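A quick write-up on the structure given underneath.
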Amino acid sequence: MTVTKAITLDQPYPALIVAGVKGSDADRFWSKVDAGAEDSCWHWTGSRHERGYGLFRVGSRTDGSARLVRAHRLAYELTIGPIPDGLVIDHVCMNPPCVNPTHLEAVTQAENMRRFAAKRSACQNGHPWTDDSFVVTGQGHRTCAVCLSSSRARAKERRRAVLRGGGGGR
């Protein structure tokens, strides 16, 4: 299946929307997409950021215009249009390597974080995420109360070990 049919674009890629993206860049971009059905995730098969987001080089290394862009942002701009100022692209599917434009939505950063927090069902260590299972840190971040308590207990034990002369290394 070609990506252009899946998103029902009858005209060539609107590659001029993104500064520095030529038709050959757009063709190379879509060649790195494993597109399935229109409503399923389209997985980025190129290089990825440590958090799973796709990375793509646009421009030319020879003329110095080369730069890395996030694949989902480029997919949005190539198919939907420019990302409005002050907005970020939210993966409605919560799948960072997905570049399916129907899974991408331009929202404020605050809305993106609100959606992310609402969709999480557990902390990174698997403790259930409920209204009373987290605390808000001084920086305004939500953190798991169980994990925070365990971390504080380990830190307290390390301090005690140092005072007893036991070192306290990890």
> Length gain on complete extension for the stretch VAL88 to LYS119, per 0.36 nm per residue less the alpha carbon to alpha carbon distance?
Replying inline: 9.4 nm
>> With N set to the number of residues, divide the alpha-carbon radius of gyration of segment 46-119 by 2.2 N^0.38 Å and report two decimals.
In response: 1.17
> When ranked by the protection proxy of mean other Cβ atoms within 10 Å per residue, highest first, what sequence do the peptides 60-73, 126-139 form?
Replying inline: 60-73, 126-139
>> Taking 2.2 N^0.38 Å as the expected size of a compact globular protein, what ratio does the Cα radius of gyration of segment 30-170 give against it, to two decimals?
In response: 1.45
>> Along the Cα→Cβ direction, 7 angstrom out, place labels at SER31 and VAL162. What is the inter-label distance in nm?
In response: 5.6 nm
> So what is the relative contact order of segment 66-127, in percent, for Cα pairs below 8 Å that sit 6 or more residues apart?
Replying inline: 30 percent
>> Starting from 0.36 nm per residue, how many nanometres of slack lie between LEU148 and ASP132 once their C-alpha separation is accounted for?
In response: 4.4 nm
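Values in this text are rule-based calculations from the coordinates and carry no lab data. Fair warning: this is a prediction, and the values are worked out from it, not measured in the lab. Positions of Cβ are generated from backbone atoms using ideal geometry, with glycine treated the same way; all protein chains shown enter the neighbour counts.
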